[in-house]
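A short write-up of the structure that comes next.
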Amino acid sequence: MSETDSGAYNRLIDGDCRNLMGEGTHGGTIAKPKHLNGGINQYSLEDIHWIAQQFAVRGDVVVTAFPGRGNINLHTYSVVSTDGEFLLQKVNSDVFTMPHRVMGGMLASIDAQGRALESGRGDVGWEPIRLVPTRDGQPYLDLTDEDGWSVWRMMVRIPASVSYKSLSEIEDREEQLRLAEEVGRGLAIYSDLTSDIDPSSVEGSLPGYRDTKLYYNQFHSAMACNRTLEQAAESLPSDPILRASTEQHFLVALSDEEYVRRRNDPELQPFIELVMSREPFTMGLWTALEQGVIRNTLIHGDTKIENFLFCSETRKVKSLVDLDTIMPFTWLADYGDMLRSLVNVAGEKERDLSKVVIDRDVYEAVSKGLLQSAKQVTDAEVALMVFSVQAITMELGLRFLSDYLRGDTYFQLAEDDPADLNKVRAMVQLTLYKRLSEFETEAEARIGQYRVKA
């Protein structure tokens, strides 16, 4: 389950920038709109044209509404000027309540990739995202005022690129596995290029994200049916920013009757017991990090296949986009989350749990691509690769389960979603964890042949 959506960026790269609002706005300088402020959620194309003109692009600009915008970055627009094609985007401050942190992580990632490539490290075909500065030399446009956050960025379109929402889009099995290997190679390249960033210099854009202990504390609070902050006090984080960002997810928001029904659901009991019994296991990556067994680096945070770009001619990986969730942790979390999503044949909403099986060949292909390309990984990290897939899968199952028990406050349901969607999601992930555990010995043997001493 991903937290962000880069669909807009990817579909722009695919060349789909039709204008659903007429012909768009064309050149000419316009005055700053009087109503443009941080709290606004509706923009006309004239508003967006003014915003686009604040960036350092030459000549007249043509701005069009972008139909392929994602679920997270709703304000996304295509911009064409004398200099080329660009994507203009507002950071969604409803999701990312500290957008400056988003941009800080993004800039750190972009700069590190650039420095590494200039020094001869990395792959010659790799192309990081490039930001267009504002006319006064700033890396992004900050229109924040007393009414709220309003942070905008303009990105250069990466040419000759394609993206995929899933491996299932590719019919040929051999090509599918080759692409899976490229995904693994892409993560290795990205992780190597960004490995020299001081993780203490970047603050995560989503406080609490990937904090396994926090997720377990929320689970225990839901199991205790805590409804007030006073009742949940022992479970709440001490850090004020982390607490302010997450405290609502420690509280049950269901009626007594509905809570009892969900908590005592016979179908859920084996999964509740599984989650409770595996807490020390699921904390394994954090334990290894705290003990200094593995490195603390910056990670991407959302390594779904949709965020990788591939050369339209060779189909070799060339970039990793959607840099909204950069955070300090271990690259094993990126790897584990990527594998978790790619090897789950059934998808995340399958009610027939017998269909939740692992695509073993995809598992091997992704791991092969990573291990044959990675230059900065350590032996201790490689030894935890199989474990990391299990731990991240268990973590997501825990999150879905906790959310269902407290009333779907985090993974909120759309109007047409079934009321038990998060229950289904939890059972799928926790069943997938079981399948991964059963596959552990074979997985170690399959990827063991590709391990090289770092």
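Quickly run through the stretch 263-283 and pick out the residues that are crowded, with 19+ Cβ neighbours inside 10 Å and assigned to a helix (DSSP H, G or I).
Hits for the stretch 263-283 are Phe271, Val275, Thr282.
Checking Met103 against (1) surrounded by 18 or more Cβ atoms within 10 Å (Cβ to Cβ); (2) in contact with a strand residue (DSSP E or B) (Cβ under 7 Å, 6 or more places away or on another chain); (3) touching a residue at least 60 places away in the same chain (Cβ under 8 Å), which test does it fail?
It is condition (3) that Met103 fails.
In the list Asp337, Asp322, which residue meets the criterion of being charged (D, E, K, R), at pLDDT 95 or above, outside any strand (DSSP E or B) and within 18 Å of the chain's Cα centre (by Cα)?
Just one listed residue meets the conditions, Asp337.
How many residues, within the stretch 354-386, are among the β-branched types (Val, Ile, Thr) and surrounded by fewer than 19 Cβ atoms within 10 Å (Cβ to Cβ)?
So the answer is 2.
I need the full set of residues from the stretch 350-360 which are part of a loop (DSSP other than H, G, I, E, B) and touching a Lys or Arg at 6+ places or on another chain (Cβ under 9 Å), in order please.
Listed by number, the residues that qualify are Val356, Val357.
Return the only residue of Thr297, Thr314 being more than 18 Å from Met394 (Cβ to Cβ) and loosely packed, with under 14 Cβ neighbours inside 10 Å.
So the residue among Thr297, Thr314 that is more than 18 Å from Met394 (Cβ to Cβ) and loosely packed, with under 14 Cβ neighbours inside 10 Å is Thr314.
Only one of (1) buried (at least 16 other Cβ atoms within 10 Å of the Cβ); (2) among the small types (Gly, Ala, Ser); (3) more than 23 Å from Thr282 (Cα to Cα); (4) modelled with pLDDT under 95 fails for Ser200. Which number is that?
Every listed condition holds for Ser200 apart from (1).
Looking only at residues in the stretch 403-448 that are of a type in the set (Gly, Ala, Ser), more than 29 Å from Ala232 (Cβ to Cβ) and touching a helix residue (DSSP H, G or I) at 6+ places or on another chain (Cβ under 8 Å), which one is surrounded by the fewest Cβ atoms within 10 Å (Cβ to Cβ)? So that I can check it myself, show each step before the final result.
Quick first cut of the stretch 403-448, residues of a type in the set (Gly, Ala, Ser) only: 407, 414, 419, 426, 437, 443, 445, 448.
Adding the requirement that they be more than 29 Å from Ala232 (Cβ to Cβ) leaves 437, 443, 445, 448.
With the extra rule that they be touching a helix residue (DSSP H, G or I) at 6+ places or on another chain (Cβ under 8 Å), the set shrinks to 437, 443.
Numbers: Ser437: 16, Ala443: 24.
This residue is Ser437.
What do you reckon, is Val252 closer than 30 Å to Val377 by Cβ, hydrophobic (A, V, I, L, M, F, W, C), in a loop (DSSP other than H, G, I, E, B) and in contact with a helix residue (DSSP H, G or I) (Cβ under 7 Å, 6 or more places away or on another chain)?
Values: closer than 30 Å to Val377 by Cβ: no; hydrophobic (A, V, I, L, M, F, W, C): yes; in a loop (DSSP other than H, G, I, E, B): yes; in contact with a helix residue (DSSP H, G or I) (Cβ under 7 Å, 6 or more places away or on another chain): yes.
No; evaluated as a whole, the condition is false for this residue.
Does the stretch 170-187 contain at least one residue that is of a type in the set (Gly, Ala, Ser), buried (at least 22 other Cβ atoms within 10 Å of the Cβ), under 17 Å from the mean Cα position of the chain (by Cα) and modelled with pLDDT of 95 or more?
Within the stretch 170-187 (the criterion being of a type in the set (Gly, Ala, Ser), buried (at least 22 other Cβ atoms within 10 Å of the Cβ), under 17 Å from the mean Cα position of the chain (by Cα) and modelled with pLDDT of 95 or more), the answer is yes, since at least one residue qualifies.
Whether any residue in the stretch 383-393 is over 22 Å from the mean Cα position of the chain (by Cα) and either in the same structural domain as Arg295 (by TED's automatic domain parsing) or not hydroxyl-bearing (Ser, Thr, Tyr) (or both) is what I want to check.
Yes, because at least one residue in the stretch 383-393 is over 22 Å from the mean Cα position of the chain (by Cα) and either in the same structural domain as Arg295 (by TED's automatic domain parsing) or not hydroxyl-bearing (Ser, Thr, Tyr) (or both).
Mind checking whether some residue in the stretch 123-141 is farther than 22 Å from Ala108 by Cβ, crowded, with 16+ Cβ neighbours inside 10 Å and of a type in the set (A, V, I, L, M, F, W, C)?
no
Considering only residues that are touching a Ser or Thr at 6+ places or on another chain (Cβ under 8 Å) and either polar (S, T, N, Q) or farther than 21 Å from Val156 by Cα (or both), which ones fall in the stretch 303-331?
Quick first cut of the stretch 303-331, residues touching a Ser or Thr at 6+ places or on another chain (Cβ under 8 Å) only: 304-312, 318-331.
The answer is Lys304, Asn307, Ser312, Ser319, Thr325, Met327, Pro328, Phe329, Thr330, Trp331.
With (1) modelled with pLDDT of 65 or more; (2) assigned to a loop (DSSP other than H, G, I, E, B) as the list, and Met103 as the residue in question, which single condition is left unmet?
(2)
In the stretch 151-209, which residue that is in a loop (DSSP other than H, G, I, E, B) and basic (Lys, Arg) is nearest to Lys316 (Cα to Cα)? So that I can check it myself, show each step before the final result.
Initial filter on the stretch 151-209 (in a loop (DSSP other than H, G, I, E, B)): 157-160, 163-166, 170-172, 194-198, 202-209.
Still in the list and also basic (Lys, Arg): 157, 165.
Working: Arg157: 18, Lys165: 16 Å.
Top of the filtered list is Lys165.
Name every residue in the stretch 143-168 that is charged (D, E, K, R) and modelled with pLDDT of 95 or more, in order of residue number. Steps first, answer last, please.
Taking the stretch 143-168 first, the residues charged (D, E, K, R) are 145-147, 153, 157, 165.
Once the filter is applied, which keeps residues that are charged (D, E, K, R) and modelled with pLDDT of 95 or more, the stretch 143-168 yields only Arg153.
List the pairs whose first member sits in the stretch 367-381 and is under 16 Å from Asp196 (Cβ atoms), whose second member is in a helix (DSSP H, G or I) and acidic (Asp, Glu), and whose Cβ atoms are under 7 Å apart, counting only residues at least 6 apart or on separate chains?
Within 7 Å, the pairs are Ala374/Asp192; Lys375/Asp192; Gln376/Asp192.
Given Ala224, Ala288, Ala253, which one is of a type in the set (Gly, Ala, Ser) and buried (at least 17 other Cβ atoms within 10 Å of the Cβ)?
Going through Ala224, Ala288, Ala253 in turn, just one is of a type in the set (Gly, Ala, Ser) and buried (at least 17 other Cβ atoms within 10 Å of the Cβ): Ala288.
Regarding Gly347, is this residue assigned to a loop (DSSP other than H, G, I, E, B), assigned by TED's automatic domain parsing to the domain that holds Leu179 and closer than 22 Å to Arg173 by Cα?
Working: assigned to a loop (DSSP other than H, G, I, E, B): yes; assigned by TED's automatic domain parsing to the domain that holds Leu179: yes; closer than 22 Å to Arg173 by Cα: yes.
Yes; evaluated as a whole, the condition is true for this residue.
Quick one: what pairs do we get from the stretch 409-426, first residue farther than 17 Å from Tyr215 by Cα, second of a type in the set (S, T, N, Q), C-beta under 9 Å, 6+ apart or different chains?
Short answer, once both residue conditions are applied: Leu413/Asn422.
I'd like to know if the stretch 424-436 contains one or more residues that are among the aromatic types (Phe, Trp, Tyr) and at pLDDT 95 or above.
Yes, the conditions are met somewhere in the stretch 424-436.
For the stretch 220-235, does any single residue satisfy the condition of being farther than 30 Å from Lys423 by Cα, without any contact (Cβ under 8 Å) to a residue 24 or more places away in the chain and among the charged types (D, E, K, R)? Step through it out loud before you land on a result.
Of the residues in the stretch 220-235, the ones farther than 30 Å from Lys423 by Cα are none.
No, every residue in the stretch 220-235 fails to be farther than 30 Å from Lys423 by Cα, without any contact (Cβ under 8 Å) to a residue 24 or more places away in the chain and among the charged types (D, E, K, R).
The values are calculated or read from the model by the stated rules, or taken from the named source; none is laboratory data. Keep in mind that this is a model prediction, so the values were computed, not measured. Heads up, the Cβs are rebuilt from the backbone with ideal geometry, glycines too, and the neighbour counts pull from every protein chain shown.
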